[in-house]
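S.K.: This is the structure I want to talk about, given as structure tokens.
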Amino acid sequence: MKLRIVLADDHQMFRDALRSLLERTGEMEVVAETGNGLEVVNLVGKHQPDIVCMDIGMPGMNGVETTRCLLAADSTVKVIALSAYSDQRYVLDMMRAGASAYVTKTEAGEELLRAIKAVRQNRHYFCADVANVVTGALFGEGEQSKTSAQLGPRERHVLQLVAEGRTSVEIAEQLHIAASTVEVHRRNIMRKLNMHNVAELTRYAIHSGLAPS
């Protein structure tokens, strides 16, 4: 039986390339794909894949929060992080969220196939650049970003939605909280990051990989 894969990335051309790569092996089937983090959990529930290849910067909900929500709903599925970034903060955030592997997009050919083979055997996998980052983290080298160090999961999600241009009312509806609570989160985020307007928050969210560029 073929390995069932869901692709989650907001770039259609990249998804097309991944689909071609995976299905060319004859051992894998892409059963669903999406460019929106909010759709991933529903797709996994519907299609029951073995693995999700997950981008970090997606609209709706970034890959870190999506991974956390996905694994809370289904602990059997494996998540492989795919990102343009190899910074320590992204790698550690994804692994803490429950990802089993991390591959940079520039190495998403044979490295991705090796990562899939590893997670099928219940092993973790990192491409070469990311392995160096993880080693540095183990030995206390490098620093996490302000986002990882200072903002909680809900604040990071609010920051992403603010960067996407959502109003406090829209954010409140999506997160099922009061609009006044959203405003409190916004003020706390600005205070922690020492920023004073939405434009600064948006630039920061994009630079940090919390929102798509």
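Any read-out appearing in this document is the output of simple, stated calculations on the displayed coordinates, not a laboratory observation. All of these numbers come straight from a predicted model, not from anything done at the bench. Please note: Cβ atoms are built from the backbone with ideal geometry, for glycine as well, and neighbour counts cover all protein chains shown.
S.K.: Note the angle between two axes, namely the Cα long axis of helix 110-120 and the longest principal axis of the Cα atoms of the chain, as a number of degrees from 0 to 90, rounded to the nearest 10.
M.R.: 90
S.K.: Along Cα→Cβ, 7 Å out, is where each label goes; now give me the distance between the ones at Ser75 and Thr106 in nm to one decimal.
M.R.: The modelled label-to-label distance comes out at 3.8 nm.
S.K.: Once the dipole of the chain is set up with Lys and Arg at +1 and Asp and Glu at -1 on Cβ about the Cα centre, which of Met58, Leu22, Thr106 lies farthest towards its positive end?
M.R.: Met58
S.K.: Report, ordered by chain and residue number, the aspartates and glutamates lying within cross-link reach of Lys117, taken as a straight Cα distance under 17 Å and ignoring same-chain residues fewer than 8 apart.
M.R.: Qualifying aspartates and glutamates at Cα under 17 Å: Glu23, Glu27, Glu29, Asp50, Glu107.
S.K.: For the chain, find the longest principal axis of its Cα atoms and tell me its angle to the long axis of helix 198-207, 0 to 90°, nearest 10.
M.R.: Orientation of helix 198-207: about 20 degrees from the principal axis.
S.K.: What's the extension gain from Arg123 to Arg154 if we count 0.36 nm per residue and subtract their Cα-Cα distance? Display every interim value, and only then the final one.
M.R.: Numbers: separation 31, 0.36 × 31 = 11.16 nm, distance 2.95 nm.
Between Arg123 and Arg154, full extension yields 8.2 nm more.
S.K.: With the chain treated as a Gaussian network of Cα nodes joined by springs under 10 Å, which of Met61, Met190, Met94 yields the largest mean-square fluctuation?
M.R.: Result for the chain, Cα springs under 10 Å: Met190 fluctuates most.
S.K.: Once phi is turned into θ = phi - 60°, what whole-Hz ³J(HN,Hα) does the Karplus curve with 6.51, -1.76 and 1.60 give for every residue of the range 21-32, x standing for Gly and Pro?
M.R.: Here the 3J(HN,Hα) series is 4, 6, 6, 5, 6, x, 10, 10, 9, 7, 8, 6 Hz.
S.K.: Follow-up question, since we're still on this one. Just tell me which lysines come within less than 29 Å, Cα to Cα, of Lys192; anything on the same chain fewer than 8 places away is out.
M.R.: The qualifying lysines are Lys146.
S.K.: Related question: Take the chain, mark every one of the trypsin sites (Lys or Arg not before Pro) that falls in a DSSP loop and has at most 14 other Cβ within 10 Å, then report the longest stretch left between them, sites excluded.
M.R.: Numbers: sites that count: Lys2, Arg24, Arg123.
Excluding the exposed sites themselves, the longest stretch runs over 25-122.
S.K.: So, one more: When we measure straight from the Cα of Lys46, which lysines land under 23 angstrom away, once same-chain ones fewer than 8 places off are left out?
M.R.: Straight-line reach from Lys46, under 23 Å: Lys2, Lys78.
S.K.: Once the other residues with Cβ under 9 Å from the Cβ of Leu82 are scored (Lys, Arg +1; Asp, Glu -1), what is the net sum? Mind dumping the intermediate values first?
M.R.: Working: positive: Lys105; negative: Asp9, Asp55.
With Lys, Arg at +1 and Asp, Glu at -1, the neighbours total -1.
S.K.: Separate question: Using Cβ contacts closer than 10 Å as the measure, can you line up Ser208, Ser75 from fewest to most?
M.R.: Result, fewest neighbours first: Ser75, Ser208.
S.K.: Another question, then. Compute the helix-to-body angle for 179-193: its Cα long axis versus the longest principal axis of the chain, expressed 0 to 90° and rounded to tens.
M.R.: Tilt of helix 179-193: around 80 degrees.
S.K.: Using 0.36 nm per residue, how much length does the chain from Asn132 to Asp16 gain when fully extended, once their Cα-Cα distance is taken away? Before the final figure, lay out each step's value.
M.R.: On the way: separation 116, 0.36 × 116 = 41.76 nm, distance 2.92 nm.
Once the chain is fully extended between Asn132 and Asp16, it gains 38.8 nm.
S.K.: Among Met95, Cys127, Val41, pick out the residue whose Cα is farthest towards the positive end of the charge dipole of the chain, where Lys and Arg carry +1 and Asp and Glu carry -1 on C-beta, about the Cα centre.
M.R.: My answer, from the dipole projection, is Met95.
S.K.: Now for a separate question. Which order do Thr66, Thr104, Thr202 fall in if you start with the one that has the fewest other Cβ atoms within 10 Å? Intermediate results must be reported in sequence, preceding the final value.
M.R.: Details: Thr66 27, Thr104 21, Thr202 18.
Fewest-to-most ranking of Thr66, Thr104, Thr202: Thr202, Thr104, Thr66.
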